[in-house]
Amino acid sequence: MNETTVQLIKGCREGKRSAQLGLYKQFAQRLYIACLRIVGNSGEAEEAMQDSFLKIFTHIDQYKEGQCFEAWIHRIAVHTAIDYVRRQTPEWEELSDNYADPEPDGPNEEEIAYSVKQVKEATGKLPAGYRIILSLYLFEGYDMEEIASILNIQPPSVRSQYLRAKRKLLDIIAAN
């Protein structure tokens, strides 16, 4: 962590508004992008990011020296964005423990040529539940167990939702 960030954290702990503004300017874009991937629309992503910073400033004393500060604030933003989506009550599909993965159908990944822009647009068209799991797994780097814990659903359900989200994403891309 660079010295500027260390000084900004210290200033935030002392309640200095200028330090809070500096921290906001340094990390706002990254947290907004993380929130946008999960929430799916810019207005709510902006609100989730703002709420994340309020939580960060309120709980800055809980940050422990030696921890990765960016990972700490990123985790706060991800959880805040998930809370925003939960308010929309996405539908999770609970599956039994003896669930078998669905048979692959639809377009083959290798057959589809797609750009980053197409993937972003298609991700935005996914239902909230699919978008959250896909974003947490692919973009935020959480594993299936962590996602299950965050969303309070069973790991087999996370895997199923992920596979369905991936298939739906490929279908949307193929249709365009």
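The values are calculated or read from the model by the stated rules, or taken from the named source; none is laboratory data. The structure presented is a predicted model; accordingly, all values stated were derived computationally and were not measured. Backbone-built Cβ (ideal geometry, glycine too); neighbour counts: all protein chains shown. We work out accessible area using only protein heavy atoms, side chains counted, and drop any ligands, DNA or RNA first. Shrake-Rupley method; radii C 1.70, N 1.55, O 1.52, S 1.80 Å.
Restricting to the stretch 160-176, name every residue that is assigned to a helix (DSSP H, G or I) and not aliphatic (A, V, I, L, M). Walk me through it before giving the result.
First, the residues of the stretch 160-176 that are assigned to a helix (DSSP H, G or I): 160-175.
Those that are assigned to a helix (DSSP H, G or I) and not aliphatic (A, V, I, L, M): S160, Q161, Y162, R164, K166, R167, K168, D171.
Count, please, the residues in the stretch 133-159 that happen to be in a helix (DSSP H, G or I) and surrounded by fewer than 20 Cβ atoms within 10 Å (Cβ to Cβ).
Our first condition is that a residue be in a helix (DSSP H, G or I); within the stretch 133-159, this holds for 133-139, 144-151, 155-159.
Those left that are additionally surrounded by fewer than 20 Cβ atoms within 10 Å (Cβ to Cβ): 138-139, 144-146, 148-150, 155-156, 159.
Going through the stretch 133-159 one residue at a time, the tally reaches 11.
Looking at (1) assigned to a helix (DSSP H, G or I); (2) over 30 Å from K125 (Cα atoms); (3) open to solvent by less than 70 Å² (accessible area, probe 1.4 Å), find the lone condition where D61 falls short.
For D61, the exception is condition (3).
If you go through the stretch 160-172, how many residues are open to solvent by 60 Å² or more (accessible area, probe 1.4 Å) and under 15 Å from the mean Cα position of the chain (by Cα)?
Just the residues of the stretch 160-172 that are open to solvent by 60 Å² or more (accessible area, probe 1.4 Å), to begin with: 166, 168, 171.
Restricting the remaining residues to those that are under 15 Å from the mean Cα position of the chain (by Cα) gives none.
Residues that pass the stated criteria total 0.
Kindly evaluate D83 against the criterion of being open to solvent by 30 Å² or more (accessible area, probe 1.4 Å), within 23 Å of T123 (Cβ to Cβ), in a helix (DSSP H, G or I) and out of contact with any helix residue (DSSP H, G or I) (no Cβ under 6 Å at 6 or more places or on another chain). Let's see the steps before the verdict.
Working: open to solvent by 30 Å² or more (accessible area, probe 1.4 Å): yes; within 23 Å of T123 (Cβ to Cβ): yes; in a helix (DSSP H, G or I): yes; out of contact with any helix residue (DSSP H, G or I) (no Cβ under 6 Å at 6 or more places or on another chain): yes.
Taking the combined requirement at face value, the residue satisfies it.
Would you be able to tell me the number of residues in the stretch 120-141 that are free of Cβ contacts under 8 Å to residues at least 60 places away in the same chain and hydroxyl-bearing (S, T, Y)?
Of the residues in that region, 2 qualify.
Residue by residue through the stretch 16-54, note down the ones that are loosely packed, with under 13 Cβ neighbours inside 10 Å and either within 30 Å of L169 (Cα to Cα) or at pLDDT below 95 (or both).
Q29, N41, S42, G43
Might you check whether a residue that is open to solvent by 70 Å² or more (accessible area, probe 1.4 Å), of a type outside the set (A, V, I, L, M, F, W, C) and either modelled with pLDDT of 90 or more or under 23 Å from Y32 (Cα atoms) (or both) occurs anywhere in the stretch 100-110?
No, the conditions are met nowhere in the stretch 100-110.
Of (1) under 22 Å from P155 (Cα atoms); (2) open to solvent by 80 Å² or more (accessible area, probe 1.4 Å); (3) modelled with pLDDT of 90 or more, V78 satisfies all except one. Which?
Result: V78 passes all but (2).
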